[in-house]
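The values are calculated or read from the model by the stated rules, or taken from the named source; none is laboratory data. Just so it is clear, the structure is predicted and the values come from calculations on it, not from any experiment. Cβ atoms come from the backbone with ideal geometry, glycine included; neighbour counts cover every protein chain shown. Remember, those area values only see protein heavy atoms, side chains included, never the ligands or the DNA or RNA. Shrake-Rupley method; radii C 1.70, N 1.55, O 1.52, S 1.80 Å.
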Amino acid sequence: MSQSPPLKEIAAATQRFVRSLSPHRPQRVEASVASTAGMPLLCAVEAALTEALPSRAAQELVWLTAGAEQGVHKLRLLAYGPGDQLLAEAAHEFT
């Protein structure tokens, strides 16, 4: 029996990450997902970024298939400001 991926949890973590950047406005956000269910998770991340970002920032979304354990979903988020200055980084693991 396969478990459905934690779409709501991934989206909520992404929105919290963007809110934590205030008052900074990221120019670029990178999100990587390591999971066997990467595509639906990336769609959830993209929707959350679209909703949460105050202005349209460049987005880089990556699905890492190597090293993903069955039933484990990892999310890594990075936000960059002017001059590619790292504003924030977060990592989450969901089961």
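Out of all DSSP beta bridges with both ends in the range 23-95, state the antiparallel percent to the nearest 5.
Values: 15 of 22 bridges.
Bridges in the range 23-95 that DSSP calls antiparallel: roughly 70 percent.
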With percent of Cα pairs over 21 Å apart in mind, check (1) 32; (2) 23; (3) 27 and report the label derived from this structure.
-> (3)
For GLN59 and ARG76, extending 7 Å from Cα along the Cα-Cβ vector and measuring point to point gives, in nm, a value of 2.0 nm
Between the range 42-95 and the range 5-40, how many Å separate their Cα centres?
-> 4 Å
With +1 on each Lys and Arg Cβ and -1 on each Asp and Glu Cβ, how big is the dipole of the chain about its Cα centre, in debye rounded to the nearest 20?
-> 240 debye
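Report in % the part of the accessible area of the chain that belongs to carbon and sulfur, leaving out ligands and nucleic acids; probe 1.4 Å. Could you put the intermediate results ahead of the total?
Details: 2880 of 5620 Å².
Roughly 51 percent, rounded to a whole number.
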GLU30 paired with LEU86, simple spin-label distance in nm, labels 7 Å along Cα-to-beta-carbon | 0.9 nm
